[in-house]
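**Q** Below you'll find the structure I mean.
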Amino acid sequence: EPPVIMLLSDDDDAEPGKYVEGDTAWSLSMVNDKLSIEAKSYWETVRQWPRVTAKKFDLRAGLLRIIQNVFPGASLHLVGSSQNGFDRVGSDMDACLLLGHHNMTGGDWSKTRSTNKEAVRALMYLRSILCANRWFTNFKLIPAKVPILVFFDRYSNVSVDLNIGNHNGIKNTHYTRVYTEADQRVPILGIIIKQWAKKNKINDASNGTLSSYALVLMVIRYLQACKPPVVPCLHKQCPEAIAKWFGPNSDVNMLSMHDCARDFKFSPS
């Protein structure tokens with residue numbers, strides 16, 4: 001369970017500024033220290049192990065080799081928690097496929113950014129190819145706003161959510177990763193909030209609640225605005241780097257080839 005924040009006592013005999021847990025009274029500084037220790041301990045327990053992350057990167061490489069046999073100019077990007085540092089035990093592998101100048105109708109995919117109908121057709125075609133591999137099973141095509149092909153890799157024991165042409169998803173992933181690398185408290189608090197949202201069933205945008213990305217942005221904003229701030233507002237401190245890596249004309253393929261975090265300053269404003 002995520003760490004429980006203790007509430008102010010309603011006991012008339014309790015001292016002002018004291019918190020209680022059972023029969024034990026805690027000062028605010030003691031509560032903060034205890035909660036910090038519990039939070040980090042919980043994060044260590046639920047965060048994804050490095051060997052699982054390595055499996056996902058190996059799976060990505062294997063999938064790309066299969067896909068490039070059909071689409072030679074394709075690139076495959078890990079997105080979401082698998083790449084941005086907010087991954088938890090048992091999390092899926094989210095991936096975004098960019099087909100370059102290849103699409104199902106012969107047009108220029110890199111310019112059209114893919115339509116929903118085109119993406120569904122491409123995912124159906126990829127499903128027919130991946131079905132030939134004995135390790136991939138449990139295929140399901142979800143024709144959402146951003147269509148997703150879901151399947152399971154028995155070799156790595158990982159479930160895959162594959163979409164096509166979601167350039168903004170790739171940028172958002174690396175943007176949030178810059179913040180997780182700025183301070184360890186970012187992924188610690190982010191994972192706790194995501195786990196809390198999951199427990200309370202408010203973490204599913206398809207059902208009208210919050211997406212994981214929205215929750216992460218809220219955590220980052222809180223850590224920017226608290227006193228003293230934990231992380232800076234990079235849009236204010238590093239506008240040139242923001243434009244270079246995440247602007248409308250930036251090349252998302254470069255994000256996976258370079259560590260863009262080096263271009264950012266991490267001193268809180």
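The values are calculated or read from the model by the stated rules, or taken from the named source; none is laboratory data. Here the structure is a predicted model, which means the values were calculated and not measured. When we count neighbours, we look across all protein chains shown, and the Cβ atoms used for this are built from the backbone with ideal geometry, even at glycine. Only protein heavy atoms, including side chains, enter the accessible area calculation; ligands, DNA and RNA are left aside. Shrake-Rupley method; radii C 1.70, N 1.55, O 1.52, S 1.80 Å.
**Q** Kindly indicate the residue of the range 170-199 that is buried (at least 19 other Cβ atoms within 10 Å of the Cβ) and touching a strand residue (DSSP E or B) at 6+ places or on another chain (Cβ under 8 Å) and also nearest to Leu98 (Cα to Cα) among those meeting that condition.
**A** Across the range 170-199, the extreme among qualifying residues is Ile170.
**Q** Next question. Would you please name the residue that is most open to solvent (accessible area, probe 1.4 Å), looking only at residues in the range 112-151 that are at pLDDT below 90 and under 18 Å from Gly80 (Cβ atoms)?
**A** Result: Lys145.
**Q** Also, quick follow-up: I need every pair where a residue in the range 45-62 that is under 12 Å from Gly90 (Cα atoms) and at pLDDT below 95 has its Cβ under 8 Å from the Cβ of a residue that is in a helix (DSSP H, G or I) and open to solvent by 30 Å² or more (accessible area, probe 1.4 Å), sequence separation at least 6 or different chains.
**A** Within 8 Å, the pairs are Val46/Gln195.
**Q** Something else: Under 6 Å between Cβ atoms, which residue pairs at least 6 apart in sequence (or on different chains) link something in the range 216-235 that is surrounded by 14 or more Cβ atoms within 10 Å (Cβ to Cβ) with a partner that is part of a helix (DSSP H, G or I) and not aliphatic (A, V, I, L, M)?
**A** What qualifies is Val216/Thr176; Val216/Gly190; Val219/Gly190; Ile220/Tyr179; Val230/Arg185; Val231/Tyr179; Val231/Gln224; Cys233/Gln224.
**Q** If Asp94 satisfies all but one of (1) assigned to a helix (DSSP H, G or I); (2) open to solvent by 20 Å² or more (accessible area, probe 1.4 Å), what's the number of the condition it fails?
**A** The failed condition is (1).
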